[in-house]
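Peer 1: Here you go, one structure.
The values are calculated or read from the model by the stated rules, or taken from the named source; none is laboratory data. Remember, it's a predicted structure, so these values are computed and weren't measured experimentally. Counting neighbours? That spans all protein chains shown, and the Cβs are built from the backbone with ideal geometry, glycine included. Remember, those area values only see protein heavy atoms, side chains included, never the ligands or the DNA or RNA. Shrake-Rupley method; radii C 1.70, N 1.55, O 1.52, S 1.80 Å.
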Amino acid sequence: MKVTEVRITKHEVKNLKAFASITLDDSFVVDGLRIVEGKKGLFVSMPSKRSNKGKFRNTAFPIKRDLAKEISDAVLEAYKNS
């Protein structure tokens, strides 16, 4: 799978810098990614929702490490260029 499109919506509140949406292989959209400023710099957080017990659980996530890196790199590059 390849990231074929990234859309960034800036939304700076505390550590949150922006929301992102990606398209994979021009066929599948994942919405709700977040770009967050952490202790070691910017990182991409996958879409999540709060469970009944108050913990956050990812609702979409890559299984393969190389796809996770490709998504993160593409989103952060789009953010830096926006």
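Peer 1: Name the pairs: first residue in the range 17-36 and of a type in the set (Asp, Glu), second residue modelled with pLDDT under 95, Cβ to Cβ under 8 Å, at least 6 apart or on different chains?
Peer 2: Close Cβ pairs satisfying both conditions: Asp25/Met1.
Peer 1: Within the set of pairs 6 or more residues apart or between chains, which connect a residue that is more than 13 Å from Arg34 (Cα to Cα) and acidic (Asp, Glu) inside the range 47-73 to a residue that is open to solvent by less than 80 Å² (accessible area, probe 1.4 Å) and part of a loop (DSSP other than H, G, I, E, B) with Cβ atoms less than 9 Å apart?
Peer 2: Matching pairs, first to second residue: Glu70/Pro62.
Peer 1: Among the listed residues Glu5, Glu70, which satisfies the condition of being acidic (Asp, Glu) and in a strand (DSSP E or B)? Walk me through it before giving the result.
Peer 2: On the way: Glu70 fails: in a strand (DSSP E or B).
Checking each option against the conditions leaves just Glu5.
Peer 1: Is the range 43-56 home to any residue that is part of a strand (DSSP E or B), under 18 Å from Thr4 (Cα atoms) and not polar (S, T, N, Q)?
Peer 2: Going through the range 43-56, the residues part of a strand (DSSP E or B) turn out to be 43-45, 48-50, 56.
Still in the list and also under 18 Å from Thr4 (Cα atoms): 44.
Filter again for not polar (S, T, N, Q), leaving 44.
Looking for residues that are part of a strand (DSSP E or B), under 18 Å from Thr4 (Cα atoms) and not polar (S, T, N, Q), one finds at least one in the range 43-56, hence yes.
Peer 1: Something else now. Restricting to the range 8-41, and then to whatever is over 13 Å from Tyr79 (Cα atoms) and hydroxyl-bearing (Ser, Thr, Tyr), can you tell me which residue is most open to solvent (accessible area, probe 1.4 Å)?
Peer 2: In this case the residue turns out to be Ser27.
Peer 1: Hey, another quick one. Looking only at the range 15-38, decide whether some residue is closer than 19 Å to Ser82 by Cα, in a loop (DSSP other than H, G, I, E, B) and in contact with an Asp or Glu (Cβ under 9 Å, 6 or more places away or on another chain).
Peer 2: Among the residues of the range 15-38, at least one is closer than 19 Å to Ser82 by Cα, in a loop (DSSP other than H, G, I, E, B) and in contact with an Asp or Glu (Cβ under 9 Å, 6 or more places away or on another chain), which makes the answer yes.
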